[in-house]
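**Q** Before anything else, here's the structure in question.
Read the figures in this text as sums done on the coordinates, not as results from a lab. None of the values given here were measured: they were computed from a predicted structure. A quick note on method: Cβ atoms are made from the backbone with ideal geometry, for glycine too, and the neighbour counts reach across all protein chains shown.
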Amino acid sequence: MNTEATLVPDLLRRFVATPHSFRFCIGRTCAKLETNDLALASTIQGATVCREDSRAQGDSDWKLIRDEQAPCGGREVSVLSAGPIGTLLVGAGTVIAVDRERREVLGFIAPDISGEEFIDLVLPLILKLLQPQANPPSQ
Amino acid sequence: MLMIDVFAHGYRFNLHLAGTVCEVETNHCRLGFTLRYWTVAAPEGDATGNFAMQIFVSAGSAPPSERPHFRGLNHVVVASFGHANVFLFDLLRRRIIAQVSERVAGDPLFWNERLLPIAVGVFGPTVGVVPVHCACLCLEGEGVLVAGISGAGKSTLSAALVQSGFDYVSDDWTYIGRGDGGLLAHGMSAHIKLLPDAIAHFPMLAEHSLITSLNGELAYEVAADAFGGDIFRSCEPRRCIFLERSSQLTSSFAPLGAEQMRLGLQSSVERLPSQLPEAARTRSEIIEELACLPCWTFRYGGTPQFAAQEILAFVCSQKQELTT
């Protein structure tokens, strides 16, 4: 606490501007993507079907931040999922949360994950996490 | 690829954390023992909010990484302490899902000093608690919040105040919520973090080792009761003191207005995403109440022990004024 008014740091990087936005479809998933990374946006546009029409029911909202401050290294993949929400970790610094109920994909991409690697490695995992979860086994 | 579906588990218990109740569900029989300091039989009446934590413990001895990786967007925050120890905070549903290694599940220091304070800080106003960057000490049941910019000496002064007869609630982050009789200040850590140069004022630190703290700094982390006072989990905040260092070996107190106090509090809290309007409202209300506390700027030079004596004398005189 400080009596001098100061700009509070955005430690979680919640408020990074995402000026690049477009709609796309891949398989049966349609989404609106917002990102701060023009190169990543171009790569995703190149690998998916562009859709300019208005939002349809069932569309998901994606926000992907190219996170220059994230740690690099490793390609270990971990998926943690419970109820309507799941998270995907790739390497040391890529973190993506998927809210199936709200149809939201919220993630940070480490600097060492190229656009191509995102398409080949990360995107299929996000699509899988977005699918409705099977009922848990009876306890 | 490690893929874990965290379903319901066999073990359930409640934790009482900074006035909130956390309902824990886990597959690990010993996690309840690790968290026993916080366990309550049933939710207490003064709880301001609830959240749930589902923890899947997997076999393995992976320690938590020293520097966690935190990121958040909208209503979701992820804290990763390496791939084996991951926490996902869902602020809308007030729920944590986590997987941890068996080693972390049995490590009370990790939970008490790192994860649980982080959890309360992350959920914050969504469960009716505002994390404020200040220390809290308690004299005869009355809390004194001690604030100041980084480097103003909050922690060293906290240790000196405990030596002077205050009881300890917190030295760095204090969690303000509402109780039956008004505001309550809660502490989440029983340890005071002191930088290496504090040894000049506290020779007893020579008996302790420097460790790497959560923000990467080398520091002593010493149980507050080692300085002589008791550790309280919470107290009613009655006063607030803002520290300002001076090169002069003198001290002075000057009243601080509610508006300045409000601005100081608002400028130190994290921005909230638009998905959490109720939390923003709760936080504003608590800050408004906090700003009404009597508040002073304390300008001082010299040792923390000197400053502590000055504060002790000031607080005693304030209490006496109120009783006469």
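**Q** Just checking: which of the strands (runs of 3 or more DSSP E) contained wholly in the stretch B:215-261 hold 2 or more residues that are within 14 Å of another protein chain (Cβ to nearest Cβ)? Walk me through it before giving the result.
**A** On the way: elements: B:218-223, B:234-245, B:251-255.
Answer list for the stretch B:215-261: B:234-245, B:251-255.
**Q** Right, something else. Just to check your reading of the model, which residue among B:VAL127, B:VAL132 is β-branched (Val, Ile, Thr), touching a Ser or Thr at 6+ places or on another chain (Cβ under 6 Å), closer than 30 Å to B:LEU88 by Cβ and within 14 Å of another protein chain (Cβ to nearest Cβ)?
**A** Values: B:VAL127 fails: within 14 Å of another protein chain (Cβ to nearest Cβ).
Answer to the check: B:VAL132.
**Q** Separate question: Condition test on B:ALA206, is it of a type in the set (Gly, Ala, Ser), within 14 Å of chain A (Cβ to nearest Cβ) and surrounded by fewer than 19 Cβ atoms within 10 Å (Cβ to Cβ)? So that I can check it myself, show each step before the final result.
**A** Numbers: of a type in the set (Gly, Ala, Ser): yes; within 14 Å of chain A (Cβ to nearest Cβ): no; surrounded by fewer than 19 Cβ atoms within 10 Å (Cβ to Cβ): yes.
No.
**Q** Shifting gears a bit: Within the stretch B:55-81, take every residue that is out of contact with any Lys or Arg (no Cβ under 9 Å at 6 or more places or on another chain) and in a loop (DSSP other than H, G, I, E, B) and give me the one that is surrounded by the fewest Cβ atoms within 10 Å (Cβ to Cβ).
**A** The selected residue is B:ALA59.
**Q** Answer yes or no: is there a residue in the stretch B:109-129 that is in a strand (DSSP E or B) and either of a type in the set (Ser, Thr, Tyr) or touching a Cys at 6+ places or on another chain (Cβ under 7 Å) (or both).
**A** Looking only at the stretch B:109-129, we keep the residues that are in a strand (DSSP E or B), and these are none.
The answer is no; no qualifying residue exists.
**Q** Search the stretch B:288-324 for residues being outside any helix (DSSP H, G or I) and hydroxyl-bearing (Ser, Thr, Tyr), and hand back the single one that is surrounded by the fewest Cβ atoms within 10 Å (Cβ to Cβ). I'd like the intermediate steps shown before the answer.
**A** From the stretch B:288-324, those outside any helix (DSSP H, G or I) are B:292-303, B:324; that's our starting set.
Now restrict to residues that are hydroxyl-bearing (Ser, Thr, Tyr): B:297, B:300, B:303, B:324.
Values: B:THR297: 18, B:TYR300: 24, B:THR303: 15, B:THR324: 5.
Among those residues, the one meeting the criterion is B:THR324.
**Q** In addition: Would you check which residues across the stretch B:195-214 are touching a Phe, Trp or Tyr at 6+ places or on another chain (Cβ under 9 Å) and in a helix (DSSP H, G or I) and list them? Walk me through it before giving the result.
**A** Residues of the stretch B:195-214 touching a Phe, Trp or Tyr at 6+ places or on another chain (Cβ under 9 Å): B:195-196, B:198-199, B:202, B:204-205, B:208-211.
Within the stretch B:195-214, B:PRO196, B:ALA198, B:ILE199, B:MET204, B:LEU205 qualify.
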